[in-house]
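Comments concern the structure below.
The values are calculated or read from the model by the stated rules, or taken from the named source; none is laboratory data. No experiment lies behind these values; they were computed from the predicted model shown. Cβ atoms come from the backbone with ideal geometry, glycine included; neighbour counts cover every protein chain shown. Side chains included, ligands, DNA and RNA excluded: accessible areas come from the protein's heavy atoms. Shrake-Rupley method; radii C 1.70, N 1.55, O 1.52, S 1.80 Å.
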Amino acid sequence: MTTNVAVADGIFTIDNGRPKLLGSRCTNCDNHMFPRQSGCPKCMFNEQEDIELATTGTLWTWTVQAFPPKAPPYLGPTGDDFVPYGVGYVELPGQVRVEARLTVSDPEQLIIGMEMELVLDPLCIDEDGNQVVTYAFAPTQSSTSGGDAS
Amino acid sequence: MSNVAIVGIGMHEFGRTDGVSGMDQGVIAVRRALADCGKQWSDMQFAVGGSMDGGAADTMVSRIGLTGLPFTNVVNGCATGGTALAQAVNTIESGAADVGMAIGFDKHEPGAFRIRGPRGKDWYGGSGLALTTQFFGMKITRYMHEYGISQASLARVASKAFRNGSINPMAWRRKPLSEQEVLDSLMLSYPLTQYMFCSPGEGGVAMVLCRADKAKDYTDRPIYLQAAAVRTRKFGSFEVLAPSIALERDAGPTAAASKAAFEMAGIGPEDIDVAQLQDTEAGAEIMHMAENGFCEHGEQEQMLANGDTEINGRLPVNTDGGCLANGEPIGASGLRQVYENVLQLRGDAGERQVPNDPKVAYTHVYGAPGISGVTILSR
Ligand SMILES: [Zn+2]
């Protein structure tokens, strides 16, 4: 059985096969940021706390990556093995809109406002035989009937 | 009132020129701009130049002439050319020099830009997110959702660009394409197809600028800079290559640069006779029409159906074919827009000359990570 390893440290944790995004919250103005950073671009205050961001939200906008990105830097399959994937911003209520891969790439199934949840998405196998994963959003079970127009 | 004039312009053809480096295309543009106003490189008191992949602009002096002039390199994403021009204007307005040049050139590898993070920390590109094309698809998807713009309008914009490019001898894409051909081309980043996107390319542009009160020493047809404004993003603006965006929304750097430029010039959008707006893809031209103040959000649908932005329309937009037909050599692209407006204001745009006897012209560039540059020119 292969082990999941994150594409990089400090972006998300893996807990029971589910990712949690690592963000920052400004202790002065409550601005939420991803990935973590010090310094708040909203209020210019310099004290932020580390938080885990919400794992569910709604789809704010999207596109479909239909051609293989250049590798490097892309770590996923390219050439004939390339698989199109969705890309979107998911609004985490009261926090921030996070850019992410989407597990769905069919335009017919992507609707602004639909409910999404955070999942792990495999990219490649590293030289030690581990499964390299990144984070992605997938439609929640209840969202397949369509979303509202937020 | 304007204190700075453009008195000479030069361009190296856009597109793919095998065997000619990006910098050589810049050098050719410089020589053509000097010839346009009958001056020598040794007459130039300063230069500002920029390129992303073509090498440091200031090294070109080893070929043009080692005159000792101060030469400043600028790099500001797609707004590099606009920034070079704004710096040249400021240099003259400050009184530091009477005459100098703004220069931009580039030569990129084919395909979407390869954007990489710091070594060992490239989770963003590694995950397949660091593509400018994705941003364009996502921004127009949201915009279409909010303001009711149709995919047919995207095709109209692209088809207009190639039609205009087909009558521009300096353009890269010279073949007209119908709206149906645009819609039927390969889907790259939904809802944008292959022919709705511009490609990274090659080219060079240079211009000679001088104090307005000395312009007649250089040319009998000076074009005056009424405004040159550059603005970066504010909190809440939706920008390219952003792993996250705030819930709060800002109108963005284009709206800010546009407002600043109109204030500098003391005029409004209704006074503009011809405009070159950043059209990295068809959706960008549509959104930038409103962000620059030429219409309300959503009105573009009807304006495009009316043909308002055609060469013979109420507000001709991207008369030289824009980025779509010319490609995007990052360093040169913003100056290409200014070059086109100088031709239009001189009445020298040939087959694509706008018929409204233009007196005031507008340019707009937008680039990563959220920067816009606007110029307003007049006869
Ligand atoms: Zn803050």
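Of all the listed residues (B:ASP308, B:ASP348, B:ASP357, B:ASP279), the sole one being under 11 Å from the mean Cα position of the chain (by Cα) and in a loop (DSSP other than H, G, I, E, B) is B:ASP279.
Of all residues in segment A:31-58, those being part of a loop (DSSP other than H, G, I, E, B) and more than 18 Å from A:ALA138 (Cα to Cα) number 15. The selection criterion, being closer than 18 Å to B:HIS364 by Cα and acidic (Asp, Glu), holds for B:GLU263. Inclusion of A:THR103 among residues that are in contact with a Leu (Cβ under 6 Å, 6 or more places away or on another chain), hydroxyl-bearing (Ser, Thr, Tyr) and more than 10 Å from every other protein chain (Cβ to nearest Cβ) is not warranted. Considered as a group, the residues in segment A:42-60 that are closer than 30 Å to A:GLN109 by Cα and β-branched (Val, Ile, Thr) include one that is least open to solvent (accessible area, probe 1.4 Å), and that residue is A:THR58.
Looking only at segment B:58-90, count every residue that is in a helix (DSSP H, G or I) and open to solvent by less than 40 Å² (accessible area, probe 1.4 Å) and tell me the total. Adding up the residues that qualify gives 12.
Contact annotation: residue pairs with Cβ atoms under 6 Å, 6 or more positions apart or on different chains, pairing a residue in segment B:331-347 that is of a type in the set (Asp, Glu) with a partner that is modelled with pLDDT of 95 or more, are B:GLU340/B:GLN276; B:GLU340/B:ASP320. Considering the conditions (1) within 14 Å of chain A (Cβ to nearest Cβ); (2) among the aliphatic types (A, V, I, L, M); (3) buried (at least 19 other Cβ atoms within 10 Å of the Cβ), B:MET101 is excluded by exactly one of them, (1).
Can you find a residue in segment A:106-117 that is within 9 Å of chain B (Cβ to nearest Cβ), crowded, with 19+ Cβ neighbours inside 10 Å, free of Cβ contacts under 8 Å to residues at least 24 places away in the same chain and outside any helix (DSSP H, G or I)? No.
The residues in segment B:249-269 that are open to solvent by 20 Å² or more (accessible area, probe 1.4 Å) and part of a loop (DSSP other than H, G, I, E, B) can be counted, and the count is 5. Selection of segment B:154-181 for residues being of a type in the set (S, T, N, Q) and surrounded by 22 or more Cβ atoms within 10 Å (Cβ to Cβ) yields B:SER159, B:ASN164, B:ASN168. Screening A:ASN28 with (1) open to solvent by 20 Å² or more (accessible area, probe 1.4 Å); (2) under 29 Å from A:ALA138 (Cβ atoms); (3) more than 8 Å from every other protein chain (Cβ to nearest Cβ) gives one miss only, at (2). Take the residues in segment A:42-85 that are within 16 Å of B:SER244 (Cα to Cα) and β-branched (Val, Ile, Thr), then tell me which one is nearest to the ligand (Cβ to nearest atom). Result: A:ILE51.
Does segment A:91-98 contain at least one residue that is open to solvent by 60 Å² or more (accessible area, probe 1.4 Å) and either within 16 Å of the ligand (Cβ to nearest atom) or within 29 Å of A:ASN130 (Cα to Cα) (or both)? Looking through segment A:91-98, none of the residues is open to solvent by 60 Å² or more (accessible area, probe 1.4 Å) and either within 16 Å of the ligand (Cβ to nearest atom) or within 29 Å of A:ASN130 (Cα to Cα) (or both). Can you confirm whether B:ASP279 is of a type outside the set (A, V, I, L, M, F, W, C) and under 17 Å from B:THR193 (Cβ atoms)? Judged against the criteria, B:ASP279 is a match. Quick one: is A:LEU120 open to solvent by 20 Å² or more (accessible area, probe 1.4 Å) and either touching a strand residue (DSSP E or B) at 6+ places or on another chain (Cβ under 9 Å) or within 16 Å of the ligand (Cβ to nearest atom) (or both)? Yes: the conditions hold for A:LEU120.
A single entry from A:GLY39, A:GLY17, A:GLY88 fulfils the requirement of being open to solvent by less than 40 Å² (accessible area, probe 1.4 Å), away from the ligand (no atom under 16 Å from the Cβ) and of a type outside the set (Ser, Thr, Tyr): A:GLY88. Here B:GLU239 fulfils each of the conditions (1) closer than 30 Å to B:VAL30 by Cα; (2) part of a loop (DSSP other than H, G, I, E, B); (3) open to solvent by less than 50 Å² (accessible area, probe 1.4 Å); (4) not basic (Lys, Arg) apart from (1). Exactly one residue among B:ASP43, B:ASP36, B:ASP18 is out of contact with any strand residue (DSSP E or B) (no Cβ under 9 Å at 6 or more places or on another chain), acidic (Asp, Glu) and more than 23 Å from B:ALA368 (Cβ to Cβ), and that residue is B:ASP18.
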